[in-house]
Amino acid sequence: MSPSRVQTPAPRATERSCDDASVTSALLTRARAGDPDAFAELVEPFRRELRLHCYRLLGRLPDAEDAVQETLLAAWRGLPEFEGRASLRGWLYRIATHRCLNAIRDAGRRPPLAPVPPFDAPEPTRHHETPWVQPFPDALLPEPALLLREQVELAFVEALQLLPPRQSAALVLCDVLGFPLAEAARLLDTSATAVKGTLQRARSTLRTTASGRGAPPAADSPAERDLTERFAAAFVADDVEAVIALLTDDAWLAMPPAPHQYLGAAAVAGFLRASAGWRAGRRYTRLATRANGQPAFGLYLDAAPAGLVVLTLDGDHVAGVTRFMDDTLYPWFELPGELS
């Protein structure tokens, strides 16, 4: 996906989430005494938002799930030392953030093995800077109606991966989740002054990559459904001219984990024609889904998975087509591994 399509979230537009209202003294006492059921009840309200937090920092859903499991295990072991001076939510976010920062430091950013197209593909326009990023199912979002779309979109998650890890952590904690500077500093084990400087650098970087992409139709609105349906129908029918008519002039096509991208309607058309020629008349089947607050559909060719497509919309046109060539994503989206 093109970083030029990042929509920088407004610092004041913070994400609403669950609070500590469910954390009663009796429940906390039972959990501290080693009651696993009490602990599960204590942390369950925070699981979804912690998973999304880890996904934003790591860019991959399996890695985020691993980080959440490690977070909850560490919380279970450390609960007797939790004194309640800070909120349970903040304490969990502190553990989760450090688990993510450690994972980034230990693993680096090694992209997965990129698939090779089974046909003579045109020369790509550019190379994808974050080919490891995966989509996030809307079904796993914590109360989607309370989230700002630009804070879960693929473009934002990819932009976070290009920041130094502590900058992305500070940006998410303060500008997305709404933690005050002083509390974010406690979560990151640093000073408020240091977080303020880190945050300013992160915001500056995102501003330089932001663009004036038009507002997409409201999620699951008639306008969004109509545009998505027209595009998907043209795409699976190999009607390249109809696809191009729905694209913005500077639209892109990306196929992670392959690193190549095609920018501009002409480049996208060239790739689609090459792909259609290789299939020699075999048509796709599609199943609708949603990812990162965006319309999406799973592709099948001869009943086998052929890529999960996520659309980035710009007004009444499509600004980006991200086709994830990874069959392991289908179960996360409750899509069948094979059509009967």
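The single residue among 280, 251 that is at pLDDT below 95, not acidic (Asp, Glu) and not assigned by TED's automatic domain parsing to the domain that holds residue 152 turns out to be 280. Looking at 150, 123, 143, just one residue is closer than 30 Å to residue 178 by Cβ, surrounded by fewer than 15 Cβ atoms within 10 Å (Cβ to Cβ) and modelled with pLDDT under 95, and that residue is 143.
Is there a residue in region 107-118 that is of a type in the set (A, V, I, L, M), modelled with pLDDT under 95, part of a helix (DSSP H, G or I) and closer than 30 Å to residue 324 by Cα? Looking through region 107-118, at least one residue is of a type in the set (A, V, I, L, M), modelled with pLDDT under 95, part of a helix (DSSP H, G or I) and closer than 30 Å to residue 324 by Cα. Pairing residues of region 322-340 that are assigned to a helix (DSSP H, G or I) with residues that are of a type in the set (A, V, I, L, M), at Cβ distances under 6 Å and at least 6 apart in sequence or on separate chains, gives 329/308; 332/61. Per the conditions (1) among the hydroxyl-bearing types (Ser, Thr, Tyr); (2) surrounded by fewer than 17 Cβ atoms within 10 Å (Cβ to Cβ); (3) closer than 27 Å to residue 243 by Cβ; (4) modelled with pLDDT of 90 or more, the sole criterion not satisfied by residue 191 is (3).
Do we have residue 66 as surrounded by fewer than 20 Cβ atoms within 10 Å (Cβ to Cβ), within 18 Å of the chain's Cα centre (by Cα), of a type in the set (Asp, Glu) and modelled with pLDDT of 95 or more here? When the stated conditions are applied, residue 66 passes them.
The values are calculated or read from the model by the stated rules, or taken from the named source; none is laboratory data. Since we're looking at a predicted model, the values are computed, not measured. Heads up, the Cβs are rebuilt from the backbone with ideal geometry, glycines too, and the neighbour counts pull from every protein chain shown.
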